[in-house]
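Read through the structure below, which is laid out as structure tokens, and then see the notes.
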Amino acid sequence: MMTQTKNHKMNRIFILIVLIISTINLNAQEIKKDSIIEPFKIEERTLSGLDIPKQKLKDHPNRDYFQKRIYKGSELSIYILSSETAVNEINSFPIDEFVFFMNGRADIQTAENNEFSFYSGDYIFVPKGFSGNWTNNGGNKYHLELSVISNKRADSSSTQKAQEPFLLDRELISGIGLTELTTKKFRNSLYSGVELEVLTESEEPCEKNIVNNGKEEFIHVLNGIVVIKPFNGKEQTFYKGDFFILPKGFTGSWKSEGQNLFRTLKVIQK
């Protein structure tokens, strides 16, 4: 049994620890409050397949496999993946996934024995619940893909329209057959899953202010450029082909330019 003096000392230590933790939390809150929310660009070096750490797969310890989480925000996570040619046997894929295939070929065989392939440059949606074989064929060595997933899992009872991976509409991505939402603004949903929605948004070049952006947005610039400046932050310019995140809560200016239309592909959490 401790003596009263020892108890008194222990109580003081406990109070001191609580105060230190409280101070750290307060400082963290102050830093977060004062920090500038700004766009996050996915760098060209990463998109080129460089500096991706090698991972050891438990079920395939001898397979060359590389993975890096590029970004984790409040709603979305972005990964870059690469592996040598290998078959992945999938039984009820656990998530919705948007994939931009950047090198190699993906060969798919569904549970119903449908067979098809995806190639470099393809925009793919992999629906939650898909079952089948997915072979990443790296050609000379490795395939490469960019992956976007939601940080929130859908309820197990949620139903999915799509049952197998598919190409997103090439015509809409190419700017053909766009739906005019309001004057000078166009919006088309490419697919709305149970965890993710993929869409195209287009606009005649404009300047606008964004106040407390309501959704975290993964954005791929399809045509034109956009200059974005956070309130009290540094200006960034994104060009055709760039990938970036516009975070939830962003406040600042947006200035788009384009030949007729500035166009983007966006992925958001449902």
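The values are calculated or read from the model by the stated rules, or taken from the named source; none is laboratory data. Given the structure is predicted, the values throughout are model-derived calculations rather than measurements. As a convention, Cβ positions derive from the backbone with ideal geometry for all residues, glycine included, and neighbour counts pool all protein chains shown. Accessible surface areas use protein heavy atoms only, side chains included; no ligands, DNA or RNA. Shrake-Rupley method; radii C 1.70, N 1.55, O 1.52, S 1.80 Å.
Points worth noting:
- Yes/no for Val99 being buried (at least 19 other Cβ atoms within 10 Å of the Cβ), assigned to a strand (DSSP E or B) and under 21 Å from the mean Cα position of the chain (by Cα): yes
- Unmet requirement for Ala162, which otherwise passes all of (1) farther than 24 Å from Ala86 by Cα; (2) modelled with pLDDT of 95 or more; (3) open to solvent by less than 20 Å² (accessible area, probe 1.4 Å); (4) among the aliphatic types (A, V, I, L, M): (2)
- Residues of the range 254-270 that are modelled with pLDDT of 95 or more and farther than 20 Å from Gly193 by Cβ: Trp254, Lys255, Ser256, Glu257, Leu261, Phe262, Arg263.
- Condition broken by Ile176, with the remaining ones in (1) of a type in the set (A, V, I, L, M, F, W, C); (2) open to solvent by 70 Å² or more (accessible area, probe 1.4 Å); (3) not in a loop (DSSP other than H, G, I, E, B) satisfied: (3)
- Complete set of residues in the range 113-134 that are surrounded by fewer than 17 Cβ atoms within 10 Å (Cβ to Cβ) and either without any contact (Cβ under 8 Å) to a residue 24 or more places away in the chain or under 20 Å from Tyr79 (Cβ atoms) (or both): Asn113, Glu115, Phe116, Ser117, Tyr119, Ser120, Gly121
Quick grid of which residues meet (1) surrounded by fewer than 20 Cβ atoms within 10 Å (Cβ to Cβ); (2) among the aliphatic types (A, V, I, L, M); (3) in contact with a strand residue (DSSP E or B) (Cβ under 6 Å, 6 or more places away or on another chain); (4) at pLDDT below 95:
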position: Leu199; (1), (2), (3), (4): yes, yes, yes, no
position: Glu204; (1), (2), (3), (4): yes, no, no, no
position: Glu207; (1), (2), (3), (4): yes, no, yes, no
position: Gly214; (1), (2), (3), (4): yes, no, no, no
position: His220; (1), (2), (3), (4): no, no, yes, no
position: Val226; (1), (2), (3), (4): no, yes, yes, no
position: Gly233; (1), (2), (3), (4): yes, no, no, yes
position: Phe243; (1), (2), (3), (4): no, no, yes, no
position: Gly252; (1), (2), (3), (4): no, no, yes, no
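- Comparison of Ile52, Ile42, Ile80, Ile70 shows that the only residue that is under 17 Å from the mean Cα position of the chain (by Cα) and either among the hydroxyl-bearing types (Ser, Thr, Tyr) or under 21 Å from Phe166 (Cα atoms) (or both) is Ile80.
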